[in-house]
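J.: Supplied in structure tokens, the structure appears directly below.
The values are calculated or read from the model by the stated rules, or taken from the named source; none is laboratory data. Since we're looking at a predicted model, the values are computed, not measured. Reconstructed Cβ throughout: ideal geometry from the backbone, glycine too, with neighbour counts over all protein chains shown.
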């Protein structure tokens, strides 16, 4: 009997996935009836992205798992009607995109590229950047995306530290954990990359106190979540020179309002939440593989810890 898989996401995502998912299911040897209209009581699995049409999971009594199309699950993890196993999205396309974006902006700030891009005024400025081993980079958040970015930056020779809630071990990266560990990781950091999950514990992780730990003239790179930063504290640090520049891809309100101070600030780069995108082809393969695992009686990969929030 075919498995009934409900695609519960907005119209634009259906257009992206309606062809890729059947191919992935077939490649995984799964007999699947993929639809946007299955009756809740008949659904075996839900492929999900947050949208108003599905907020109550109570009727899905047969459902064995909910597979998120997003890496972040903060908008669904607190839903009390969701009692089924929830898997967040981790896939090679998403990871590769994040590594490329983060590495590009770390190198941009390390090499001082903006000086030459924006100052073509005839000044012969031979300011030479330090070599990578002389530059301290801190990655806050060492999950799948953070660990991949930390490894890539370390492979270029940077002095990389990282912080996570629980202790991690990553080749070439000095790993810290716990409250005291965050202080140690941030102390004198010259470039900080934010890839923490969005939880009550991580909100305003960068605030006036933690920004003061950084080296004078540090750079902030945030492709993680907007609430990780106290916006007022960051603006004050930019104006004082404690932070030289902030490259921000995510915000508390998106799209970022046109009158937000970040748009006009000379030391802020705004990118419109494009650091990493879930690629339908690779994401479809991950979803199919997770359903196959569940059908074989194995736990799905990347299951969300409801208590931790990610």
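J.: Run residue 179 past the list (1) modelled with pLDDT of 95 or more; (2) assigned to a helix (DSSP H, G or I); (3) closer than 19 Å to residue 310 by Cβ and report the number of the one that doesn't hold.
T.: Condition (1) is where residue 179 drops out.
J.: Check 180, 185, 200 and return the single one that is assigned by TED's automatic domain parsing to the domain that holds residue 133, in contact (Cβ under 8 Å) with a residue 40 or more places away in the chain and more than 22 Å from residue 72 (Cα to Cα).
T.: None of the other options fit; the residue is 185.
J.: Every residue in segment 49-78 that is surrounded by fewer than 20 Cβ atoms within 10 Å (Cβ to Cβ) and either assigned by TED's automatic domain parsing to the domain that holds residue 252 or out of contact with any strand residue (DSSP E or B) (no Cβ under 9 Å at 6 or more places or on another chain) (or both), please.
T.: Across segment 49-78, the qualifying residues are 52, 55, 56, 58, 59, 61, 72, 74, 75, 78.
J.: So in segment 39-48, with the set limited to residues that are part of a loop (DSSP other than H, G, I, E, B) and in contact with a strand residue (DSSP E or B) (Cβ under 7 Å, 6 or more places away or on another chain), which one is farthest from residue 286 (Cα to Cα)?
T.: 43
J.: Find the residue count for segment 14-26, including only residues that are in a helix (DSSP H, G or I) and out of contact with any helix residue (DSSP H, G or I) (no Cβ under 8 Å at 6 or more places or on another chain).
T.: 4
J.: May I ask you to say which residue of 248, 238 is crowded, with 19+ Cβ neighbours inside 10 Å, within 15 Å of the chain's Cα centre (by Cα), outside the structural domain of residue 24 (by TED's automatic domain parsing) and over 18 Å from residue 49 (Cα atoms)?
T.: 248
J.: In segment 122-151, how many are in contact with a helix residue (DSSP H, G or I) (Cβ under 8 Å, 6 or more places away or on another chain), assigned to a helix (DSSP H, G or I) and without any contact (Cβ under 8 Å) to a residue 40 or more places away in the chain?
T.: 1
J.: Only one of (1) touching a helix residue (DSSP H, G or I) at 6+ places or on another chain (Cβ under 9 Å); (2) touching a residue at least 24 places away in the same chain (Cβ under 8 Å) fails for residue 48. Which number is that?
T.: (1)
J.: Name the single residue that is surrounded by the fewest Cβ atoms within 10 Å (Cβ to Cβ) among those in segment 152-163 being in contact with a strand residue (DSSP E or B) (Cβ under 6 Å, 6 or more places away or on another chain), free of Cβ contacts under 8 Å to residues at least 40 places away in the same chain and closer than 19 Å to residue 98 by Cβ. Even if it seems obvious, please write down each step before you answer.
T.: Quick first cut of segment 152-163, residues in contact with a strand residue (DSSP E or B) (Cβ under 6 Å, 6 or more places away or on another chain) only: 153-154, 158-163.
After this cut, where a residue has to be free of Cβ contacts under 8 Å to residues at least 40 places away in the same chain as well, the list is 154, 159-163.
Now narrow it down to the ones that are closer than 19 Å to residue 98 by Cβ: 154, 160-163.
Working: 154: 21, 160: 29, 161: 24, 162: 28, 163: 24.
Checked segment 152-163; the qualifying residue surrounded by the fewest Cβ atoms within 10 Å (Cβ to Cβ) is 154.
J.: Just the residues that are outside any helix (DSSP H, G or I), at negative phi and out of contact with any helix residue (DSSP H, G or I) (no Cβ under 7 Å at 6 or more places or on another chain), please, taken from segment 239-271. So that I can check it myself, show each step before the final result.
T.: Taking segment 239-271 first, the residues outside any helix (DSSP H, G or I) are 241-260, 265-271.
The next check asks that each one be at negative phi; those that pass are 242-260, 265-271.
Scanning segment 239-271 gives 244, 249, 253, 254, 255, 257, 258, 259, 260, 266, 269, 271.
J.: While we're here: Suppose we filter segment 217-238 for residues that are part of a helix (DSSP H, G or I) and within 24 Å of residue 112 (Cβ to Cβ); how many remain?
T.: Total meeting the criteria: 5.
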